[in-house]
Amino acid sequence: MEKLKYERPVITKLNTGCLNKFGTKTTLTPVLQIDGVPIKKIIKEYGSPCFVLSEKTIRNTYKTAEHIFKNYYPKVQFAWSYKTNYLNAVCNIFHSEGSWAEVVSSFEFKKALANGVPGDKIIFNGPGKTKEALLLAVENNALIHIDHYDEMYVLVDLLKEIKSKARVAIRVNLDSGIYPMWDRFGFNYENGNAWTAINKIFSHPELELVGLHTHIGTYILTADAYKIASQKLSDLALKIKEKFNKNISYIDLGGGFASANSLKGAYLQGSDTIPHFEDYARSISEGLLNAGFESSELPTLFLETGRALIDDAGYLLGSVLANKRLTDGRKAIVANFGVNILFTSFWYNHKISPAQEFSYQTEDVVLYGPLCMNIDIIRENINLPLLNRGDNLVVHRIGAYNMTQWMQFIETRPNIVLIDTKGAIHLVREKEDVTIVTSQERVPEHLKNFDL
C-alpha cells in the first residue's frame, strides 16, 4: 500500500458547511473532464497551466442567443466583439455562425480582415481611431462609429482628400438608469449633443449616416436599461426621418450582457441574479417595436455581445504548488497561475473546482498565484478540500477578456487549446518561451558584453 503523505496537524475552527436533509456533506464535486476529454490528459499533453475552450459551448450559446432574439425581433445581426477574445479560432467560430466583426482598433480591424471578414461587415468602434485607421476602414467600406467631433473632422478631411464617401453612425451616451453613466464615449442624448452631431453629419455630403449606436455599460443586471436605451435611439431615428427624410438602417445596442460569473462583493451568486437572454430580448424588442416605426422601416438590431457568449466556454487548468499557513492561522494555497493570465480575478469570485477525487473534509483557504507580487490573489476566501502539491484545479467561466488582457509579467503565457464538437483537441495558441518574449528586444553594442 502506498505510504500516505504527511501533513502537519493544526487546530482550526470546524466548518460544517450548509445543513441539508442529507447532513453536512460538502457541495464541492470534482471536475474530471471537459466535453468528454479528461483534464489529466489535457495537462499531460499541453502542460499546466493551460487554457481550454469548448467549441460546442460557444456554438450552443450563440445559437441560443440568436434564436431568442429573432423570436422577439424580426431583424437581428450579431457582431463578435474582438476585444473580448480575439483568438482567430474563437472569432472564426462566431463568423461561421453568421456573426459580423466589431473592432476598436486598427490591430483588431486587420485581424478581422485576415480572418476573411468582408470589410462591409466590420463595425469600427472606439475613441482612438487614427487617420491611418480611418483610411483602412474607408477603403474597406466598413461601418465607422464616430465617437467625437475631432474624429468627425479628421474623417471629413480624409474623405475630401481621397474623394470618397463613408458609411457612418454616431455613438450616443445616455441615461438608462445605470450609474455611474458611461459618458466618456460618444455624444450625449440628454443635453442635445447627439442631435447636434447628427445635424453636422448631414451638413457633410461625404458622410452617409446609416446607424445609431450606444453601449450603456458592462455586466448590466437590469434588462430594462436596454429598453430605455432602445427608446432613446429610436427617438433620434424618428427625428432624423422627420427632418431629413432618411431611414436609419440599424440601431446598435452594443454589449454589456452579464455572464454567470459572481462579482466580488455580491451577496448572491451570479447565476442566481443575471438576466436571461430572453429578458434582454424582451426589453429591447419592446423599446423598438413600440417606438413608432412603420413596419416596413424597422431598423436592424445590431448586438455586440461578447462576455455572455464566451465566458462559459473557457476554463483555466492549473496545479497546486504549495500549502502554507498565514500568521493569522488561515490556510493558503499557492497555484501555478496568477493574475497575469487570469485578469478577471480582479472582478470576479471565479468558481474553482478540484480536478481529482478528494475527501470530504474542506477548509476555507486563500488562493494565491505564483507571482512575486502581493496583489496576486485569485480568491481571498474559498472553501476547498485538502489538496497536495501537484493536484490540479479548474477555474470556470474565463472565456472573456483573459486572453486579451493577460500580461507577460514574471511568467510567460501558456498554451491555449480548443476542444472541437467531436472531442478532438487543437492547439490554437502556443505557449511562450524566453526567445519569443525577447525577440523584439534590441541591445546596444556597448551593453552586450560585461564582466562580473
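Values quoted throughout were computed directly from the atomic coordinates according to the rules given, and no laboratory measurement underlies them. Keep in mind it's a predicted model, so treat the numbers as computed, not measured. Ideal geometry is used to build each Cβ from the backbone, glycine not excepted, and the neighbour counts take in all protein chains shown.
Which distance in nm do the two modelled labels at Asn60 and Lys110 give, with both placed 7 Å along the Cα-to-Cβ direction?
So the two model labels end up 3.8 nm from each other.
Once you have a ≥ b ≥ c as the square roots of the Cα gyration tensor eigenvalues for the chain, tell me rounded if a/c is under 1.5, and otherwise prolate or oblate according to whether a/b is larger than b/c.
prolate
Among the chymotrypsin sites (Phe, Trp or Tyr not before Pro) within segment 226-271, which fall in a DSSP loop and have no more than 11 other Cβ atoms within 10 Å of their own Cβ?
Loop-located and lightly packed - Tyr267.
Take every DSSP beta bridge with both residues inside the chain and express the antiparallel ones as a percent of the total, to the nearest 5.
Taking every DSSP beta bridge within the chain, about 45 percent pair in antiparallel fashion.
Can you grab the distance from the C-alpha centre of segment 242-265 to the C-alpha centre of segment 297-332, Å, no decimals?
Result: 23 Å between the Cα centres.
Let's test this: bin the Cα-Cα distances of segment 125-305 at 10 Å from zero up to the farthest pair and state each bin's percent.
Percent of Cα pairs in each bin: 9, 36, 33, 17, 5, 0.
I'd like the distance separating the alpha-carbon centroids of segment 85-141 and segment 353-380, in whole Å.
One Cα centre to the other: 38 Å.
Rank by packing, highest mean first: peptides 39-46, 388-395, with packing defined as the count of other Cβ atoms within 10 Å averaged across residues.
The packing order, highest mean first, is 388-395, 39-46.
Could you give the length gained on full extension between Asn383 and Thr29, defined as 0.36 nm per residue of separation minus the Cα-Cα distance, in nm?
So the extension gain works out to 126.2 nm.
If I model a spin label as a point 7 Å beyond the Cα along the Cα-Cβ vector, how far apart are those points for Ala424 and Glu161 in nm?
4.8
Multiply the residue gap between Ser295 and Tyr179 by 0.36 nm, knock off their C-alpha separation, and tell me the result in nm, one decimal place. The partial results should precede the final answer.
Values: separation 116, 0.36 × 116 = 41.76 nm, distance 3.36 nm.
Fully extending the segment from Ser295 to Tyr179 adds 38.4 nm.
On a 0 to 90° scale, report how tilted helix 149-162 is relative to the longest principal axis of the chain, with both axes built from alpha carbons and the result rounded to the nearest 10.
In the chain, helix 149-162 runs at an angle near 60 degrees to the longest axis.
Suppose only helical runs count, i.e. DSSP H with n ≥ 4. What mean residue ellipticity at 222 nm does that imply for the chain under -39500 (n - 2.57) per run, divided by all residues and rounded to the nearest 500 deg cm²/dmol? Intermediate results must be reported in sequence, preceding the final value.
Details: 13 runs with 128 residues, N = 452.
Only helices count here, giving -8500 deg cm²/dmol.
Is segment 302-344 rounded, prolate or oblate when judged by the Cα gyration tensor, a ≥ b ≥ c being the square roots of its eigenvalues, rounded requiring a/c under 1.5 and prolate requiring a/b larger than b/c?
Since a/c reaches 1.5 and a/b is larger than b/c, the shape of segment 302-344 is classed as prolate.
Ranking request for peptides 145-154, 433-442, 199-208, 228-237: highest mean number of other beta-carbon atoms within 10 Å first, then the rest in descending order. Intermediate results must be reported in sequence, preceding the final value.
Details: 145-154: 18.7, 433-442: 8.4, 199-208: 15.1, 228-237: 22.1.
My ranking of the peptides, most packed first, is 228-237, 145-154, 199-208, 433-442.
At 0.36 nm per residue, and after removing the present C-alpha to C-alpha distance, how many nm does the segment from Phe244 to Glu97 gain when stretched out fully?
Roughly 49.3 nm would be gained on extension.
With respect to the cross-link table entries Lys41/Lys422; Lys200/Lys246; Lys111/Lys431; Lys129/Lys243; Lys163/Lys239, which display a Cα-Cα separation exceeding 22 Å?
Flagged as over cut-off: Lys129/Lys243; Lys163/Lys239.
Label Thr196 and Leu4 with points 7 Å out from Cα along Cα→Cβ: what is the distance between them in nm?
Rounded to a tenth, the inter-label distance reads 7.6 nm.
Taking segment 72-135, which trypsin sites (Lys or Arg not before Pro) meet the DSSP loop condition and have no more than 16 other C-beta atoms within 10 Å?
Values: sites: Lys75, Lys83, Lys110, Lys111, Lys121, Lys129, Lys131; in loops: Lys75, Lys83, Lys129.
Taking segment 72-135 and a limit of 16 other Cβ atoms within 10 Å, the loop trypsin sites (Lys or Arg not before Pro) found are Lys75.
Listed highest first by mean packing, meaning other Cβ atoms within 10 Å per residue, what order do 166-174, 331-339 come in?
Those peptides, ordered most packed to least, come out 166-174, 331-339.
Suppose R0 equals 25 Å. What FRET efficiency, 1/(1 + (r/R0)^6) with r the Cβ-Cβ distance, do Glu432 and Glu45 give to the nearest 0.05?
On the way: r = 18 Å, r/R0 = 0.71.
My answer for the efficiency is 0.90.
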